[in-house]
Amino acid sequence: MASSSKNLSEYNESNIPAADNMNFGIVVAEWNAEITHALYDGCYDTLLKHGAKPENIHTIQVPGSFELPAGARILNGQKKLDAVICLGCVIKGETNHNEYINQAVASGLTNLSIATGKPFIFGVLTPNNEQQALDRAGGKYGNKGVEAAVTAIRMAALKQSTTEGTKKIGF
Ligand code: RBF
């Protein structure tokens, strides 16, 4: 498993595009708030570190991870955003609820990305227990909120670069 040998939140900061002209939405699930708020802190700080302005980062909370795609769509309809980051934590229990929630969130965010041509970032932990979640929310395997922010910046920059290319054609 990759994360057993590497802290994936360690990345080369010089390779990340500047985010000073970008607008972000962050949608945070309230379930397992100790985890999701730690993901949020890592995500928010990383956006700032790469130049995003606090007034250009718009955050909302939704009850649970299942509500992340709907919350992301609502936020995207209210604000002009370059990327929307969705943060949640679905811990496996005795039943299969986690599989239904995780699949729904993954499909929902994929559909939003395809339909809008805009990055909707999957920042949802899917651990077997709370310790695995803590390990990935600022613990020994880094903070997946940091990685979600980096992915959002990279995808927003990709979108901006291709959009600029389209404009030059002059239609
Ligand atoms: N939401 C989460 O974000 N993380 C969870 O671990 C989680 N566990 C749930 C377990 C069960 C049995 C149910 C019914 C819901 C759970 N939810 C969880 C809430 C879910 O994402 C959603 O908010 C509710 O199902 C309402 O649509």
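Heavy atoms only, probe 1.4 Å: what % of the accessible area of segment 20-161 goes to carbon and sulfur, would you let me know?
That fraction is 52 percent.
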Round to the nearest 0.05 the FRET efficiency obtained for Ala18 and Gln131 when R0 = 45 Å and r is the Cβ-Cβ distance.
-> 0.80
Between helix 97-116 and the chain: long-axis angle, C-alpha atoms, 0 to 90°, nearest 10 = 0
Contour minus end-to-end for Thr95 and Ala115, with contour as 0.36 nm per residue of separation and end-to-end as the Cα-Cα distance?
-> 4.0 nm
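So which GluC sites (Glu not before Pro) in segment 1-108 are both in a DSSP loop and have at most 16 other Cβ atoms within 10 Å of their Cβ?
Numbers: sites: Glu10, Glu13, Glu30, Glu34, Glu55, Glu67, Glu94, Glu99; in loops: Glu10, Glu30, Glu94.
Within segment 1-108, the qualifying GluC sites (Glu not before Pro) (loop, at most 16 other Cβ atoms within 10 Å) are Glu10, Glu30, Glu94.
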Binned at 5 Å from zero, the C-alpha pair distances of segment 64-108 give percents of 5, 22, 28, 19, 13, 7, 4, 2, 0
At 0.890 mPa s and 25 °C, Stokes D of the chain from Kirkwood alpha-carbon radius, µm² per second = 151
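Give me the 1.4 Å probe accessible area per residue for the chain, excluding ligands and nucleic acids, in Å². Please list the in-between numbers first.
Values: 9210 Å² over 171 residues.
Roughly 54 Å² per residue, with all protein chains present.
With the contact rule set at Cα under 8 Å and sequence spacing of 6 or more, what percent relative contact order holds for the chain? Display every interim value, and only then the final one.
Values: 301 pairs, mean separation 51.6, N = 171.
In percent, rounded to a whole number, it is 30.
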Give the peptides 141-149, 110-118 in descending order of average Cβ contacts within 10 Å, highest first.
-> 141-149, 110-118
For the chain, give the share of DSSP beta bridges that are antiparallel, in percent and rounded to the nearest 5; count only bridges with both residues there.
-> 10
Residue separation between Lys140 and Gln103 times 0.36 nm, minus their alpha-carbon distance, gives in nm 10.7 nm
Nearest 10 degrees, 0 to 90: helix 33-49 Cα axis against the chain principal axis = 30
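For the pairs Lys80/Lys140; Lys79/Lys140; Lys49/Lys159, note any where the Cα-Cα span goes beyond 32 Å.
Working: Lys80/Lys140 35 Å; Lys79/Lys140 35 Å; Lys49/Lys159 21 Å.
Violating the 32 Å limit, Cα to Cα: Lys80/Lys140; Lys79/Lys140.
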Any chance you could give the angle, 0 to 90 degrees and rounded to 10, that helix 68-78 forms with the longest Cα principal axis of the chain?
-> 30
Taking 0.36 nm per intervening residue step and subtracting the Cα-Cα distance, what contour gain separates Lys79 from Ala33 on full extension?
-> 14.1 nm
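The values are calculated or read from the model by the stated rules, or taken from the named source; none is laboratory data. Keep in mind it's a predicted model, so treat the numbers as computed, not measured. Here Cβ is always computed from backbone atoms with ideal geometry, including for glycine, and neighbour counts include all displayed protein chains. In case anyone asks, the SASA skips ligands and DNA or RNA and just uses the protein heavy atoms, side chains included. Shrake-Rupley method; radii C 1.70, N 1.55, O 1.52, S 1.80 Å.
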